[in-house]
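Data first, discussion second: the structure below is written as structure tokens.
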Amino acid sequence: MSTFFAVSTLAILMVMGLLVDGGGALNAGNRATSLAQEAARTAGQQIDPAQAIEGTAITIDPDAAVGAAQDYLAAAGVRGDVAITDGGQSLTVTVRDTYDTFFAQFVGKGTINVTGTAKAQMQTQAGD
């Protein structure tokens, strides 16, 4: 009976570990995506004033946008990349973070890497 109890206890602990660490990793991934979305919104507000004032175009100021997104991510304590594409009309923010495990560290997996990505597109007219 004691062997059955030991095996059952081990199985229950393994399932608990999967639930706790799996759920924690999912939450960390959701947090990374949320931070990427907010950083993309912040960066998307950095338009090129010279072109906007002249009325020639409404585009993202690349230096200001990257700086704003990186500042936002640094304040949140995460790392990430910002890519501006389509001639300054869209940007993509990718956030990389880690989740420190509770149960999986006993089998040699101390952290789980997570990423989150968000894209912001400039809207210059309604319905564009």
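None of the figures in this text is laboratory data; all of them are computed from the coordinates on show. All values derive from a computational prediction rather than experimental measurement. Cβ placement follows ideal geometry from the backbone for every residue including glycine, while neighbour counts extend to all protein chains displayed.
Working note: Cα gyration tensor of the chain, eigenvalues times five, square-rooted, sorted largest first, giving semi-axes of 46, 13, 8 Å. Restricting the chymotrypsin sites (Phe, Trp or Tyr not before Pro) of the range 1-106 to loop positions (DSSP other than H, G, I, E, B) with no more than 16 neighbouring Cβ atoms within 10 Å leaves Phe102. Whole Å is fine, so just give me how far the alpha carbon centre of the range 17-37 lies from that of the range 48-120. Going from one Cα centre to the other spans 17 Å. Positive-end ranking of Ala74, Ala104, Ala118 along the dipole of the range 23-128, with charges on Cβ about the Cα centre, is headed by Ala104. Counting only alpha carbon atoms, the long axis of helix 2-44 and the longest principal axis of the chain meet at about 10°. Length, then width, then depth: along the principal axes, the Cα atoms of the range 62-119 run 49, 21, 11 Å.
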